[in-house]
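Accompanying notes for the structure given below.
The values are calculated or read from the model by the stated rules, or taken from the named source; none is laboratory data. Fair warning: this is a prediction, and the values are worked out from it, not measured in the lab. When we count neighbours, we look across all protein chains shown, and the Cβ atoms used for this are built from the backbone with ideal geometry, even at glycine.
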Amino acid sequence: MADILDIEEVEGCGARVRGLDVRKASDTQIDAIREAVFRRGVVFFEDQQLAPDDQIAFARRIAPIVVNRYFPKTERWPEIAKVEKTEGQKSNIGGGWHTDHSYDTAPAMGSVLLAVRTPPAGGDTLFADMYAAYEALPDATKTRIAGLRARHASAHVFGEGGAYAATDHAVLSGHADTPEAVHPVVIIHPGSGRKALFVNPAFTREILGLAPDESSALLGELYAHAIQPRFVARYAWRPGTMAVWDNRCTWHFAMNDYHGHYRLMHRITLDGVPLAA
Ligand code: SIN
């Protein structure tokens with residue numbers, strides 16, 4: 001299917017699709033993009049000329065849209081969340097390794113993120129491949145984590161006194177609607193059928209059935225393993241760059257290295273399904 005797209009795999013994680021105006025993608029190309037997202041975890045497109053309605057229409061062709069509870073919305077399009085850092089702000093959104101919405105019973109499938117304004121330098125995003133991270137684990141670790149389940153939560157980030165509360169993105173905290181969910185530590189990706197590691201430093205709170213020290217130690221071991229450079233790729237943005245990523249098989253990390261400059265991204269969240277081992 002990939003031959004109907006000019007697609008180049010990126011070492012570490014993801015792929016780039018060249019020469020496609022996503023507004024004109026055929027149904028077969030949309031299917032190939034979805035397949036590439038499931039296989040590579042994230043797919044980047046350059047030089048897209050997308051008005052908000054175009055981004056929404058494209059996202060809907062990949063998967064149904066779900067509206068994020070916490071992020072500020074664009075004024076006219078509730079489907080589009082603003083991931084914004086102004087010239088005066090010091091903190092950014094997503095500036096640590098995470099996967100979005102893992103605290104939901106049916107975690108979001110992924111996101112369609114469009115760069116609207118970018119700083120002159122910096123503001124890249126790192127992506128890490130959780131298929132590759134899982135596959136490279138020692139057999140003993142794979143055996144140890146098989147069948148384990150972990151609790152994911154959102155209150156410590158988006159709730160009253162959550163992680164954003166003490167920052168200049170405090171508008172992201174103080175929410176009363178703060179779900180939790182339990183998922184297998186190793187999931188079978190619903191689109192590819194491959195195993196992926198499904199814990200993340202931002203939202204996973206504990207592995208069930210283990211003593212707190214043991215749970216923290218095991219999560220720390222898995223996190224250190226998963227962010228090795230061999231599983232990670234770094235992507236730069238300029239206005240018109242768009243990414244589609246899959247939360248079930250990647251983590252991402254928005255770099256915060258452009259103080260004094262403005263960065264605005266438009267994010268659409270794609271709906272997902274409950275995950276199974
Ligand atoms: C996010 O974590 O959703 C934002 C990623 C970015 O701004 O690069």
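Quick notes on this one:
- Among the residues listed as 220, 191, the single one being modelled with pLDDT of 95 or more and either touching a Leu at 6+ places or on another chain (Cβ under 8 Å) or closer than 30 Å to residue 8 by Cα (or both): 191
- Strands (runs of 3 or more DSSP E) completely within the range 180-277 that count 3 or more residues being out of contact with any helix residue (DSSP H, G or I) (no Cβ under 8 Å at 6 or more places or on another chain) and more than 16 Å from the ligand (Cβ to nearest atom): 180-184
- Test: residue 67 is under 20 Å from the mean Cα position of the chain (by Cα) and modelled with pLDDT of 95 or more: no
- Check on residue 20, crowded, with 17+ Cβ neighbours inside 10 Å, without any contact (Cβ under 8 Å) to a residue 40 or more places away in the chain and over 17 Å from the mean Cα position of the chain (by Cα): yes
- The set of residues in the range 189-236 being under 17 Å from the mean Cα position of the chain (by Cα) and hydrophobic (A, V, I, L, M, F, W, C) consists of 196, 197, 198, 199, 202, 203, 226, 227, 231, 232, 233, 236.
- Within the option set 198, 231, being of a type in the set (Phe, Trp, Tyr) and touching a His at 6+ places or on another chain (Cβ under 6 Å) holds for one residue only, 198.
Conditions tested, residue by residue: (1) at pLDDT below 95; (2) in a loop (DSSP other than H, G, I, E, B); (3) among the basic types (Lys, Arg).
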residue: 3; (1), (2), (3): yes, no, no
residue: 12; (1), (2), (3): no, yes, no
residue: 35; (1), (2), (3): no, no, no
residue: 38; (1), (2), (3): no, no, no
residue: 48; (1), (2), (3): no, yes, no
residue: 56; (1), (2), (3): no, no, no
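- Selection within the range 85-99: residues that are of a type outside the set (Val, Ile, Thr), buried (at least 17 other Cβ atoms within 10 Å of the Cβ) and near the ligand (Cβ under 9 Å from one of its atoms). The member of this set that is farthest from residue 167 (Cα to Cα) is 98.
- If the condition is being under 18 Å from residue 266 (Cβ atoms) and among the hydrophobic types (A, V, I, L, M, F, W, C), then the range 10-32 contributes only 22.
- Count of residues meeting criterion [part of a helix (DSSP H, G or I) and either touching a Cys at 6+ places or on another chain (Cβ under 9 Å) or within 16 Å of the ligand (Cβ to nearest atom) (or both)] in the range 148-160: 2
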